[in-house]
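Student: Below is a structure I'd like to ask you about.
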Amino acid sequence: MGSDIEDPDHARYQDRDRAGNLARDHVPRRSPGTGPRAWCLLAVERLEHDRPEAALEAARQAIERDPGGEWGHRLAGLALERLGRDAEAVAAAREAVRLAPGSWAARLRLGGALRRMPGGWREAWAEARKAVAFAPEEPDPHVLAGDLALLRGDHERAVASYQAALRLSRDHPVARVNLGLALLRWERPRTHHDPAWDADPRETTRARRALDVWSRQVRVLLAVATVVVTAAALGLGLHREAQIGGALVLGGVVAVTVRQAGRVPVWSRVPAMLHRDLWFTMDAAMALAGVGAYVAGLATLPADADGVRDGVWAGACGIVLLNGVAAGALRLLAEAWRGRPVRALAHFATAGPVPAARRNADVALWILAGRAWWALALLLSLCVVAAQPRLAVAAVAVPGAVVLAVRRGGATSLLRATSRRDRPLALSLALLAVAALLLALVGAAPGRALAGAPAVPALGTAGLAACAALAGAAGAFAVRAARAWWSGAPGPWRSALIPCESRGRRLPGDASPPPGVSDAVRHAATYSRSVVLAYTHRGCPRALAVSAVTSVSASGELRLIAGDEAWEAVERDPRVVLFVGDPRFWAEVRGVAVPSGDVLRITPKRVLVREYPGRHQARAR
């Protein structure tokens with residue numbers, strides 16, 4: 001067997017995750033003779049030091065010296081994106097794809113640039129899928145696919161993509177943090193807008209704002225009218241006049257509706273927006289329910305105090321006056337029990353010292369505290385309603401479940417650090433533990449039923465103290481929220497969750513250098529008669545002799561003529577291997593084949609040069 005030698009141009013500039021940091025002597029001098037690859041390396045170094053303007057200058061120097069090199073265009077696109085020049089970043093990434101359509105890194109760069117453009121999600125998703133197909137062994141294409149799925153709210157697909165990335169690189173910080181977000185079922189601020197739509201997100205946002213204002217104004221108007229009408233009918237004895245005035249209020253509701261309807265630019269998207277955003281739908285439904293309840297309450301308005309006990313009128317007034325409070329409580333309950341905060345905490349803890357991981361971990365711990373609060377509050381309510389105080393013994397399991405979940409998730413140290421930093425969280429957890437203990441005491445020694453109310457058990461001193469502890473825990477949350485609102489800092493709520501984009505000291509996949517192809521391999525590929533193309537056909541490896549290699553570009557792309565069977569196989573799986581023979585050596589070019597006109601364009605991913613066995617190797621055998 002001969003020895004395997006990595007092509008020197010590729011081995012020297014291999015990805016830093018595999019070969020370590022590039023040596024300082026690779027940084028080019030500012031001289032007219034500096035090559036394009038050295039300028040690209042300088043651009044990468046400047047990007048790592050968060051100097052995008054200087055990186056853009058170096059990338060343009062590389063493009064000036066080698067306009068056909070896709071690496072320089074990729075790095076220029078990455079620098080432009082960090083400068084906020086998204087349209088120019090997309091143009092640079094498209095040029096990189098045009099020069100090397102089989103480059104997974106170029107596809108990754110184009111997908112990353114397009115996801116920031118309005119209406120660019122579909123094309124970004126297509127580019128991410130191509131990057132995954134071209135390089136399934138690389139983690140970054142899977143991370144981009146997960147990010148795009150997360151932006152659209154497809155949490156299951158996002159989890160699968162991030163897990164695939166972590167199987168390839170367990171210390172990938174973006175995959176770790178964003179997997180935790182997917183497990184928490186994070187939603188971006190504009191939940192109502194599907195990024196796959198062609199509609200401008202600014203138009204759907206204006207539509208959402210107009211309908212929100214309509215719902216809020218209608219509910220407030222009806223609540224005020226209900227109070228005034230009730231006071232006039234029962235307090236002043238103006239029953240008929242109150243009903244007439246209340247009916248006139250419905251004209252104001254119509255006026256508000258017409259005014260806000262005129263501010264909705266895209267009515268055709270409203271049904272889909274309602275389908276995507278549950279809370280948006282609930283706001284609209286509350287306004288409609290409020291109108292119906294107001295009409296019912298106005299029709300059954302009692303003439304005197306004796307009619308106040310009418311169930312229809314009381315229920316209608318309750319819906320009009322308390323729908324906002326009920327909706328807020330329902331939302332808090334749903335937000336607390338959505339997602340898997342324990343598994344998310346485990347990934348945040350594993351991500352290391354990443355600012356996004358620490359911030360998201362704080363929110364996840366507050367979500368855990370919220371779950372414990374709701375569990376104790378619902379248990380207490382069940383004991384009172386069912387008149388079974390012994391059920392309160394189960395409260396002791398709530399803090400035990402929290403402790404066990406944190407320990408199983410490996411987030412014990414994270415909980416300690418966060419509690420030292422966030423005093424309201426530590427106080428809230430302590431009060432919840434006290435409340436659970438007091439409720440357990442109530443269940444162990446229940447009091448007697450209250451006189452005149454046999455269905456309601458007496459909670460006793462311990463029960464009242466447990467209620468006070470629960471109120472104190474809610475107060476700690478309110479203090480933490482108010483402090484965050486006042487200072488403009490992230491609060492203990494889901495909207496404070498943020499995705500991670502920083503890879504730390506990892507070289508981004510869309511900045512990784514392409515493999516170099518030496519002059520000897522170029523010459524052999526162009527003039528050798530021993531060129532074999534290997535590919536996968538129907539799950540089986542196949543190989544065939546190549547009719548001709550028409551050219552090898554400056555960036556190492558090979559263009560060749562092959563049979564129809566190879567074309568059909570490439571359409572199913574673009575990954576191929578090209579073997580090139582030479583009297584002195586033979587080369588193995590692993591790459592991606594893309595049909596283009598009458599030829600296959602193969603973009604190298606890795607180049608290996610293998611020597612033929614010599615006499616000394618034969619004697620050794």
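Student: Evaluate the relative contact order of the chain (contact order divided by residue number), counting alpha-carbon pairs under 8 angstrom at least 6 apart; express in whole percent.
Tutor: So the answer I get is 15 percent.
Student: While we're looking at this one, here's another question. Ser495 to Arg529: extension gain in nm, 0.36 nm per residue of separation minus the Cα-Cα distance?
Tutor: Working it through step by step, the gained length comes to 6.0 nm.
Student: Between Ile244 and Ala327, how high is the FRET efficiency from 1/(1 + (r/R0)^6) when r is the Cβ-Cβ distance and R₀ = 25 Å? Nearest 0.05.
Tutor: Numbers: r = 31 Å, r/R0 = 1.22.
Between Ile244 and Ala327 the formula returns 0.25.
Student: Taking a quarter of the surface of the convex hull around the Cα atoms of the chain, what do you get in nm²?
Tutor: Average of the hull's projected areas for the chain equals 39.4 nm².
Student: When only C-alpha pairs under 8 Å and at least 6 residues apart count, what is the relative contact order of segment 95-162, in percent?
Tutor: Rounded, it is 25 percent for segment 95-162.
Student: Using packing as a proxy for protection, rank 432-439, 147-154 so that the peptide with the highest average count of other Cβ atoms within 10 Å comes first.
Tutor: So the peptides 432-439, 147-154, ranked by packing, come out 432-439, 147-154.
Student: Also: Quick one: which residues, 5+ away or cross-chain, put their amide H under 5 Å from the amide H of Glu138? H built at 1.01 Å from N.
Tutor: none
Student: Give the peptides 403-414, 208-219 in descending order of average Cβ contacts within 10 Å, highest first.
Tutor: Result, highest mean first: 208-219, 403-414.
Student: Viscosity 1.567 mPa s, temperature 4 °C: what is the translational diffusion coefficient of segment 319-420 from Stokes-Einstein with a Kirkwood Rh over Cα pairs, rounded to a whole number of µm²/s?
Tutor: Estimated via Stokes-Einstein, D reaches 85 µm²/s.
Student: Now, a different point. Between helix 201-230 and the chain, what is the angle of the helix's C-alpha long axis to the longest principal axis, kept within 0 to 90° and rounded to the nearest 10?
Tutor: 10 degrees
Student: Now, a different point. Please list, short to long, the whole-number percent of alpha-carbon pairs of segment 234-287 in consecutive 5 angstrom bins beginning at zero.
Tutor: So the P(r) values, bin by bin, are 4, 15, 15, 18, 14, 11, 9, 7, 5, 2.
Student: A follow-up question, please. Tally Lys and Arg at +1 and Asp and Glu at -1 over the other residues with C-beta under 14 Å from the C-beta of Gly77: what net charge comes out?
Tutor: Every neighbour counted, the sum reads +3.
Student: If R0 is 51 Å, what FRET efficiency do you get for Glu203 and Ala299 from their C-beta distance, rounded to 0.05? Please report the intermediate quantities before stating the final value.
Tutor: Numbers: r = 40 Å, r/R0 = 0.78.
For Glu203 and Ala299, the calculated efficiency is 0.80.
Student: Per the Kirkwood treatment, what hydrodynamic radius in Å, one decimal, follows for segment 234-358 from the mean inverse distance over all distinct Cα pairs?
Tutor: Answer for segment 234-358: a Kirkwood hydrodynamic radius of 18.6 Å.
Student: Follow-up question, since we're still on this one. For segment 105-199, what percent of Cα pairs sit more than 17 Å apart?
Tutor: The proportion of pairs with Cα distances above 17 Å equals 46 percent.
Student: To continue, here is another question. Only four residue types carry charge here, +1 at the Cβ of Lys and Arg and -1 at the Cβ of Asp and Glu. Report the dipole size of the chain about the Cα centre in Debye, rounded to the nearest 20. Show your work: numbers first, answer last.
Tutor: Working: 80 positive and 56 negative charges, 281 e Å.
Rounded to the nearest 20 debye, it is 1360 debye.
Student: OK, next. Would you mind putting 253-265, 194-206 in packing order, based on average other-beta-carbon counts within 10 Å, highest first?
Tutor: 194-206, 253-265
Student: Can I ask one more? What list of ³J(HN,Hα) couplings, whole Hz, do you get for segment 323-333 from phi and the Karplus terms 6.51, -1.76, 1.60, once you set θ to phi - 60° and write x for glycine and proline?
Tutor: Whole-Hz 3J(HN,Hα) from phi for segment 323-333: 5, x, 5, 5, 5, x, 5, 5, 5, 4, 5.
Student: Let me ask something else. Once Lys and Arg get +1 and Asp and Glu get -1 on their Cβ, which of Ala329, Ser528, Ala476 lies farthest toward the positive end of the dipole of the chain?
Tutor: The residue sitting most towards the positive pole is Ala476.
Student: Report, by chain and number, residues whose modeled amide H sits under 5 Å from the one on Leu497, excluding near sequence neighbours (fewer than 5 apart, same chain).
Tutor: none
Student: Taking the dipole about the Cα centre of the chain, with the C-beta of Lys and Arg at +1 and of Asp and Glu at -1, give me whichever of Pro490, Val213, Leu415 is farthest to the positive side.
Tutor: The residue sitting farthest along the positive end of the dipole is Leu415.
Student: Oh, and also: May I ask you to derive the relative contact order of segment 185-265, considering only C-alpha pairs under 8 Å and at least 6 residues apart, and to give it as an integer percent? List each step's numbers first, then the result.
Tutor: Values: 48 pairs, mean separation 31.6, N = 81.
Computed over segment 185-265, the figure is 39 percent.
Student: Still on this structure: Between 0 and 90 degrees, rounded to the nearest ten: what's the tilt of helix 460-487 against the longest Cα principal axis of the chain?
Tutor: Helix 460-487 sits at roughly 50 degrees to that axis.
Student: May I pose another question? For the chain, with all protein chains present and a 1.4 Å probe, just round the carbon and sulfur fraction of the accessible area to a whole percent.
Tutor: Percent of accessible area from carbon and sulfur atoms in the chain: 59.
The values are calculated or read from the model by the stated rules, or taken from the named source; none is laboratory data. What you see is a predicted model; the values in this text were computed from it and never measured. Positions of Cβ are generated from backbone atoms using ideal geometry, with glycine treated the same way; all protein chains shown enter the neighbour counts. Each accessible area value is taken on the protein alone, full model and side chains, heavy atoms only, with ligands, DNA and RNA left out. Shrake-Rupley method; radii C 1.70, N 1.55, O 1.52, S 1.80 Å.
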